[in-house]
Amino acid sequence: MIKTIYKPKRMRGGKRVVSRLYSLRLRLDGESEITTIPLGVSDRQVADEKARKIVQEREKELHGLIPSRIQRDAAQASLDAHVKDFVCDLKAKGRNGQYISEMENKLTLLVSECGWVHAKDVTSDSFTRWRSSRENSPKTLNEYLASAKGLLNWMVAQGRLPSNPLAAVQKVETRGREVRLRRAYTEDEVENLLKVSGKYRMPCTMAVLTGIRHGELRRLRWGDLNLNAEKPSVLVRASVSKNHRQACLPLHPALLKELLEFRPADVAGGDLVFPGMMPHSVAFNALLKKAEITKVDSQGRVVDFHSLRHTFCTNLHRAGVPQREAMELMRHNDPRLTANTYADASLFSLRGAVEKLGWNGSKDDAQIDAQKLGARGLLPSPPVTTAGGAKPLESSIDTALKSLFGTLCLGESEEREWCPRQDLNLYDVTH
């Protein structure tokens, strides 16, 4: 242990000056660094007593008998004060202003409605009770949980808490419980929407051909557009991007042509591309009505401005763009988000995809395959042959598949008898 009580000295005007107040140089057994602690007193006996209490407290902290000084001070402060410090730190880190505002609003509501006055009041039980009493969508409830965990994880990193009391709380299941399930626009709907969009036509066109979000387009500047290069592109700055990452996206030739015609002659690089041209929800709903596009379809799926981004992703899949490239263009980190959430499978040409499959088998191979399937009980009926060892009538694998599809796809006005083997096959498949 190193424990030295002394009066610091320093040079002033070429002379050594001794401080009037005592300080403590301390390193306990098991610590690697020496710390200097100002005692703030000029009396030696008082300094000795303060140093003794500091050593006693530090030893208890070192052996886990009491929390650290930072944690003890944090326990006395209100949770509202911690929220303010957290928000200030987010601003210092340069986080998005809207993100910070939403985070602060959610945390303020949680502190108020959960009865969290101090950090010790935050428990998993209090949060789950609050969550069960709410009527918000599962997605919104998960956002509240993420906000609370964000604050508590920050407090742990700052040394204000020993651990996150909500670490064990799980998210609410969102699959099948979406309140707003979006769909992509069809080609006709996009065409009709652009015809009636008026001053909103350019931002809508850019959204459907780049996938850029509403908020990102609203803050897009002409300096972000590279229209004269061999590879024209648009830069989505990290300061405006949702994921806070800069991205350079290619421009479609048709979009490039329209942007060149749309660009004012005296435009400056810092000017907004779409000043006053980004439609809010009410204006966009009016466009949908004018274009005769149903806001909510029979399956409960909705369309809005963000659906243009879904349309962009869906068109990438329909065009056969590889999954990895689609992820880059959508600026996603999770391939499931690109493939499942943003790609509208209802617009995929599944029949066309199946028809792309080639078949190079010969008739002899097809006959062998049909015999193998029949021996294993997988054909609706055995191959039919003519009498006298003549050539099989329709015994190829194509005929077998036609028979199978004909059995499974009977119309209401068409009837066909089932043979015992067909009943057996159906039983084997369903059980």
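The table below lists the values:
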read-out	value
Kirkwood-based Rg to Rh ratio, region 29-125, C-alpha trace	1.14
Spatial extent of region 1-82: Rg and Dmax, with the Cα atoms as the point set, Å	15.9, 50
Listed residues Thr205, Leu217, Tyr185: farthest to the positive end of the dipole of region 185-231 (Cβ charges)	Leu217
Peptides 131-142, 210-221 ordered by average Cβ neighbours within 10 Å, highest first	210-221, 131-142
Under the Debye formula (equal points on every Cα, no solvent term), log10 I(q)/I(0) of region 211-289 at q = 0.12, 0.15 Å⁻¹	-0.38, -0.59
Rounded to the nearest 10 Å², the accessible area of Met330 at probe 1.4 Å	0
Which listed pairs, of Lys149/Lys171; Lys195/Lys231; Lys91/Lys120; Lys7/Lys50; Lys242/Lys289, have C-alpha distances above 18 Å, in listed order	Lys195/Lys231; Lys91/Lys120; Lys242/Lys289
Inverse of mean 1/r across different Cα pairs in region 105-153, Kirkwood, Å	10.9
Residue-wise HN-Hα coupling along region 181-191, computed from phi with Karplus coefficients 6.51, -1.76, 1.60 (Hz; x: Gly, Pro)	9, 8, 10, 8, 7, 7, 4, 5, 5, 4, 4
Out-of-range pairs (alpha-carbon distance over 28 Å; input Lys199/Lys295; Lys9/Lys93; Lys15/Lys53; Lys3/Lys60)	Lys9/Lys93; Lys15/Lys53
Equivalent ellipsoid dimensions for region 2-43 as semi-axes, Å, which come from the Cα gyration tensor, largest first	24, 13, 6
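The values are calculated or read from the model by the stated rules, or taken from the named source; none is laboratory data. Only a predicted model underlies this, so the values are computations on that prediction, with no experimental measurement involved. Here the Cβ is made from the backbone with ideal geometry for all residues, glycine too, and neighbour counts use every protein chain on show. These accessible areas exclude ligands, DNA and RNA; they are computed on the full protein's heavy atoms, side chains included. Shrake-Rupley method; radii C 1.70, N 1.55, O 1.52, S 1.80 Å.
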